[in-house]
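Any read-out appearing in this document is the output of simple, stated calculations on the displayed coordinates, not a laboratory observation. Every value quoted in this text rests on a predicted model; they were computed, and no experiment measured them. FYI the Cβ positions are ideal-geometry reconstructions off the backbone, even for glycines, and counts take in every protein chain you see.
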Amino acid sequence: DIQMTQSPSSLSASVGDRVTITCRASQSITSFLNWYQQKPGKAPKLLIYAASSLQSGVPSRFSGSGSGTDFSLTISSLQPEDFATYYCQQSYRTPRTFGQGTKVEIK
Amino acid sequence: EVQLVDSGGGLVQPGGSLRLSCAASGFTFSTYSMNWVRQAPGKGLEWVSYISDSSSTIYYADSVKGRFTTSRDNAKNSLYLQMNSLRAEDTAVYYCAREWVPAGMKSFVFDYWGQGTLVTVSS
């Protein structure tokens, strides 16, 4: 199975900060990497697919990059509604594994 | 509007069974593959199962293989998860998720999710 490791597990940031979350795959997954946002008590929401493609309706302050084994999600200017947990997911091979999540909290 | 509505969760004793349902609307259900994903309390997301649009291909996570069965009824726009021999570690919120393959890409994403249904396995 392909293991996905996110870092950090949690972070504290202020509104307006630039935030970067990284995700590393245990083997190359080319660009088959997706990012989801989850708020407490809610279902996950798709943000980014194929490493860098922004899902329709997602604000442009979110961006993704990377290929091979190393990927990142960047929020250019953190907004109050962005405080949530973020998950990466590889779509290269079944089982369709997720990272363990990164919780973004208010500083 | 695409909608996925999960139902069927509840409290069940270890060793028991439960059947979850996911009712789909707002899209042509029969043309999309579907997935089940679960989340234990306070934990991350765990993929559980995949079923192709025609039910010809079904995959399971090792943690549920041999105990869970995924099926669908395209005439009823519904997805199901039959869970047998339930264990305490199966306690989680279970989500159905639609699988979308972006145009021109070989990759897939889970673009719509149900609201989730809680399964608690406890005596």
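Miscellaneous remarks
- The charge dipole of the protein assembly as shown, taken about its Cα centre with unit charges on the Cβ of Lys, Arg, Asp and Glu (plus for the first two, minus for the last two), comes to roughly 120 debye.
- Alpha-carbon centroid distance for the pair the range A:1-47 / the range B:33-48, whole angstrom: 15
- About the Cα centre, charge dipole magnitude for chain B (Lys/Arg +1, Asp/Glu -1 at Cβ), debye: 200
- Here chain B is treated as an ellipsoid with the same Cα gyration tensor; its semi-axes, largest first and in whole Å, are 24, 14, 14.
- Think of each Lys and Arg Cβ as +1 and each Asp and Glu Cβ as -1; about the Cα centre, that makes the dipole of chain A roughly 140 debye.
- Both radii are taken from the alpha-carbon atoms of the protein assembly as shown; with Rh as the Kirkwood radius, Rg/Rh is 0.96.
- Members of A:45/B:106; A:39/A:103; A:45/A:103; A:45/A:107 lying beyond 18 Å, as alpha-carbon distances in this model show: A:45/B:106; A:45/A:107
- A dipole drawn for the protein assembly as shown from +1 and -1 charges on Cβ atoms has a positive end, and of B:44, B:63, B:78 the residue lying farthest that way is B:63.
- Chain A: relative contact order in percent, alpha carbon pairs under 8 Å with at least 6 residues between: 39
- Chain A: translational diffusion in µm²/s, Stokes-Einstein, Kirkwood Rh over Cα pairs, 20 °C, 1.002 mPa s: 158
- Choice from B:15, B:66, B:104 showing the highest fluctuation, given a GNM over chain B with Cα pairs closer than 10 Å: B:104
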